[in-house]
Amino acid sequence: MGEALIAAAAALAAGGAVYVAAAARVIKQYERGVVFRLGRLLGAPRPPGFTMVVPFVDRIRKVNMQIVTMPVPAQEGITRDNVTVRVDAVVYFKVVDPAGAVVQVEDYRFAVSQMAQTSLRSIIGKSDLDDLLSNREKLNQGLELMIDSPAVEWGVTIDRVEIKDVSLPDTMKRSMARQAEADRERRARIINADAELQASKKLAEAAHQMAEAPSALQLRLLQTVMAVAAEKNSTLVLPIPVELLRFLERGQSEEETTPGRRPRPDRTTPAEEPPGSAAPAGLPDSAGPAAPPELTDPPGSAAALPPRRAADAPPVAPHFPPVTPDNPTPTE
């Protein structure tokens, strides 16, 4: 009788051990357990730690409550200003309702991924290229709202959405580079013009100061000459004072505008004589140019000089001596 009781107790203990082994479950700290009994949701999710279920009746499903990082594949689209771009992003989300994440949607990870891709393409079509490049914070907020709206019903909340990269065509990159270069050149010219304006104002003030003290201009001139002479060169430039040129110009203008001053006679035309004056004896009349005196040959020079030819006489051919053995080359 005792042995039978011992055998029954041992069998009962073995059955209990098998039951406990089949019913025991361990849930980690970052997980929650959703229990289904005969296919029906049973109460609230099980907290982390040790828990028991009915073997062959209950089925427990563990749901991860950590933040999930999901990359969104690059999506190609056309912006509102007709530019083709490729944009990729990353989504950070987590499950806040384990029962809803299991019951409301078949695979919440795949659902969030598809919703992120669709929302990203929609954001690309509604935005300009400048917004995608410079105003990403606003686009990230809009993308987060678009994904989070349907995800709330699935027991999932979107923590953050970030646009990672915007790929542009090569032609657009070159156009933007030329635009940036032109903008920087414009800024450089504006800065240079501003510097010239400030320098001109300072130079004008210095000119007024030197005009009040002429010795300052002379000292500045000597300083410039000393700076030029300090270099090892053989050329020394001495500038002419502007006051000297102005003095000469003022004197010439006063000479031309003095009243009662007779103009200088023109040396190319003969001076007019007063009426009634006669030319002295032996001098030609002033009505016409004086004829040059006739040249006469001195006595005894007729044989030495050739006879004078008339102006209308034909030209005379040159005479060459005959060619002889003593004179092979005729010369005049």
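The values are calculated or read from the model by the stated rules, or taken from the named source; none is laboratory data. This structure is a prediction, so every number in the text was calculated from the model and none was measured. All Cβ positions, glycine included, derive from the backbone under ideal geometry; neighbour counts span all protein chains shown. For accessibility, only protein heavy atoms count, side chains too; no ligands or nucleic acids. Shrake-Rupley method; radii C 1.70, N 1.55, O 1.52, S 1.80 Å.
Quick check for you: with a 1.4 Å probe and neighbouring chains kept, what is the accessible area per residue of the range 13-165, in Å²? Walk me through the numbers before you get to the answer.
Working: 8590 Å² over 153 residues.
That works out to 56 Å² for each residue.
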How much accessible area does residue 256 have with a 1.4 Å probe, in Å² rounded to the nearest 10? 140
Leaving out ligands, DNA and RNA, what percent of the accessible area of the range 129-197 is carbon and sulfur, probe 1.4 Å? 49
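Which of the peptides 130-143, 168-181 is most tightly packed, and how do the rest follow, judged by the mean count of other Cβ atoms within 10 Å per residue?
Values: 130-143: 14.8, 168-181: 11.0.
Per-residue Cβ counts within 10 Å, averaged per peptide and sorted highest first, yield 130-143, 168-181.
Taking 0.36 nm per residue of sequence separation and subtracting the Cα-Cα distance, how much length would be gained by fully extending the chain between residue 222 and residue 133, in nm to one decimal?
Working: separation 89, 0.36 × 89 = 32.04 nm, distance 5.92 nm.
Stretched out fully, the residue 222 to residue 133 stretch lengthens by 26.1 nm.
Give me the number: length gained by fully extending residue 28 to residue 80, i.e. 0.36 nm times residue separation minus the C-alpha to C-alpha distance, one decimal in nm.
Details: separation 52, 0.36 × 52 = 18.72 nm, distance 4.82 nm.
Gain in length upon complete extension: 13.9 nm.
Expected output is a single nm value to one decimal: the length gained when fully extending between residue 257 and residue 70, i.e. 0.36 nm times separation in residues minus the C-alpha distance. What is it? Please list the in-between numbers first.
On the way: separation 187, 0.36 × 187 = 67.32 nm, distance 9.52 nm.
In short, 57.8 nm is gained.
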Amide H within-cut-off set for residue 127, under 5 Å, with H built and near neighbours excluded: 80
Dipole of the range 1-157 [Lys/Arg +1, Asp/Glu -1 at C-beta], most positive-end residue of 143, 44, 132: 44
Efficiency by 1/(1 + (r/R0)^6): what FRET value for residue 244 and residue 182, r their Cβ-Cβ distance, R0 = 56 Å, to the nearest 0.05? 0.70
Nearest-0.05 FRET efficiency for residue 190 and residue 44 at R0 = 56 Å, using Cβ-Cβ distance, is 0.25
